Amino acid sequence: MEFTRRHFFSRTASGLGIAALASLLPRELSAAKGLSGLPHFAPKAKRVIYLFQSGGPSQMELFDHKPKLQEMAGQEMPESVRKGQRLTTMSASQSSLPLVPSMFAFKQHGASGAWVSELLPYTAKIADQLTFVKSLHTQAINHDPAVTFLQTGAELAGRPSIGAWLAYGLGAETENLPSFVVMISPGSGGGGQPLYDRLWGSGFLPTRYQGVKFRSVGDPVLYLSNPDGFPAENRRLYLDALEKLNRAKLDDYGDPEIATRIAQYEMAFRMQSSVPELTDLSKEPPRTFELYGPDSRKPGTFSYNCLLARRLAERGVRFIQLFHRDWDHHGGLPEGLPKRCKETDQPAASLVEDLKERGMLDDTLVLWGGEFGRTVYCQGRLTKDDYGRDHHPRCFTMWMAGGGMKPGVSYGETDEFSYNVVSDPVHVHDLHATMLHTLGIDHTKLTFQYQGRHFRLTDVHGKVVKEILG
């Protein structure tokens, strides 16, 4: 499709950048087609389910067992460990930084001997199916830039999210549902950091690649239902007429956002049938609800969303992201953390088991983790039965399953304080590079030219962590 001379000269300030977008337009009208030449090599994973625990789960209470801390409880954190590293404004003014060990017991599980806290009994049962990365580290020390970094590869807002990159590069496996779906569940504490729509946005990519947020109240997707008194056959006639108008504008201006508008109207029409079928759980056997737990019948819960994630994966959705809030325990950790674990442990583990039973785990990559870890020292007042932990970007733990990962592996190591990485560090860009690798993508080659530069999810960094690949 070509630009008109009038449109070209009317956009001379944008120059060749606008002209370059014209090459995308034929593909914009195809729901399934990705970039030519992708995947770059045979993928292990076809799709991703990312269970994002927003707020920063404490690695020392969950996966990074540090028994020597019991001997040092209440002592001042050694300067030889901190080494002048930056603290947040919430604890920088404290006169003391007392060490605090976890008050929860750890055991080794499975043939792999993975250390898992008593707070996660269901996760412990599937330890041999998981790949634990204990040496993740990030650049950001506060929530919003850290979450933005995990979702887009940059601390500043405006870049495309992971799911948008995948939809752009690989296209969709289905024409009846979006290729990128997002669901959010609140912690029972009712708090948590805000989550903005830009976290699943398309940035400078065409907007058709942004994530579609499913809601727990009313229509799962806004404006999906026809207005009262407006039958389906009238909607079809309306969309056909609207498409003619939009195509006329597309021919005249060559704007890729007009192509997006056409495609999204058609997607919405198809979703009027596909979404009600997706969210109708009446045909799921009783065992399914027993597997995912009692909350799996309640829309909006993490358990319900995990079950819906499996159904979305079955129907060909490329990237499914679940956000669960309220993991930010600056205080009251002994009370708050067990609640978050109870809400998420069984459904997350059951999702892995369910995918495995259905033969889908091999080509589905599942990730679990937050934006950073927590400090070994107590934030605020330390008492016998209460403590809190501040943000800690220097090290944190995530687990992965399926999709080409090597099961039963714990990779990376932190010091005895879970404060610094001492072996096999994994940067956020390395995590993204490895994720893309499982999907058959060379992370250095999935790029988009914008404002004179070729951007990518991993910026100018990142290496594939081959040791954790199966």
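May I ask you to order 241-252, 181-192 by the average number of other C-beta atoms within 10 Å around their residues, highest value first?
On the way: 241-252: 13.3, 181-192: 18.9.
Result, highest mean Cβ count within 10 Å first: 181-192, 241-252.
Sorted by average packing, counted as other Cβ atoms within 10 angstrom per residue and highest first, what order do 276-284, 318-326 take?
Numbers: 276-284: 12.3, 318-326: 24.8.
Per-residue Cβ counts within 10 Å, averaged per peptide and sorted highest first, yield 318-326, 276-284.
In the chain, what is the volume of the convex hull around the alpha carbon atoms, normalised per residue and reported in Å³?
With only Cα atoms used, the chain gives 153 Å³ per residue.
State, to one decimal in nm, how far the label point of Thr447 lies from the label point of Glu314, with both points 7 Å from Cα in the Cβ direction.
It works out to 4.2 nm between the two label points.
Once you put a point 7 Å from the Cα of Arg287 and another 7 Å from the Cα of Arg270, both along the Cβ direction, what distance in nm separates them?
3.2 nm
With runs of 4+ DSSP H residues as the only contributors, calculate the mean residue ellipticity of the chain at 222 nm using -39,500 (n - 2.57) per run, divided by the residue total and rounded to the nearest 500. Don't skip to the answer; put the middle values down first.
Working: 14 runs with 151 residues, N = 470.
The per-residue figure over the chain is -9500 deg cm²/dmol.
On a C-alpha basis, how far is the centre of the range 291-307 from the centre of the range 132-158 in Å? Whole number, if you could?
The range 291-307 and the range 132-158 have Cα centres spaced 27 Å from each other.
Amide H to amide H, which residues 5 or more places from Lys213 or on other chains are under 5 Å from it, using H placed in the peptide plane?
Val182
Which chymotrypsin sites (Phe, Trp or Tyr not before Pro) in the range 31-138 pass both tests, a DSSP loop state and at most 16 other beta-carbon atoms within 10 Å?
Values: sites: Phe41, Tyr50, Phe52, Phe63, Phe104, Phe106, Trp115, Tyr122, Phe132; in loops: Phe41, Phe63, Phe104.
Answer by residue number: Phe41.
What spacing in nm lies between the two simple spin-label points modelled at Asp424 and Ser36, each 7 Å away from Cα in the Cβ direction?
4.1 nm
In whole angstrom, note down how far apart the Cα centers of the range 44-71 and the range 340-378 are.
9 Å
Can you spot the lysines whose alpha carbon is less than 27 Å from Lys445's alpha carbon? Ignore those fewer than 8 places along the same chain.
Cross-link targets: Lys33, Lys44, Lys46, Lys406, Lys463, Lys466.
From the residues Trp368, Gly412, Met398, which one has its Cα farthest along the dipole of the range 353-413 in the positive direction, the dipole being from +1 and -1 charges on Cβ of Lys/Arg and Asp/Glu about the Cα centre?
About the Cα centre, the residue reaching furthest to the positive side is Gly412.
Lysines within cross-link reach of Lys384: Cα-Cα under 22 Å, excluding same-chain residues under 8 positions apart?
Lys66, Lys68, Lys339
Rounded to the nearest 20 debye, what is the charge dipole size of the chain about its Cα centre when +1 sits on each Lys and Arg Cβ and -1 on each Asp and Glu Cβ?
Working: 53 positive and 52 negative charges, 171 e Å.
The dipole magnitude comes to about 820 debye.
Short version: ³J(HN,Hα) in whole Hz for each residue of the range 435-441, in order, from phi by Karplus 6.51 cos²θ - 1.76 cosθ + 1.60 (θ = phi - 60°), x for Gly and Pro, what are they?
4, 4, 4, 5, 8, x, 10
Give me, ordered by chain and number, the residues 5 or more places off Asp390 or on other chains with an amide H under 5 Å from its own placed amide H.
Distant-sequence amide H within range of Asp390: Thr375, Gln379.
Rule-based calculations on the coordinates, nothing more; no lab input. Remember, it's a predicted structure, so these values are computed and weren't measured experimentally. All Cβ positions, even for glycine, are placed from backbone atoms using ideal geometry, and neighbour counts span all protein chains on display.
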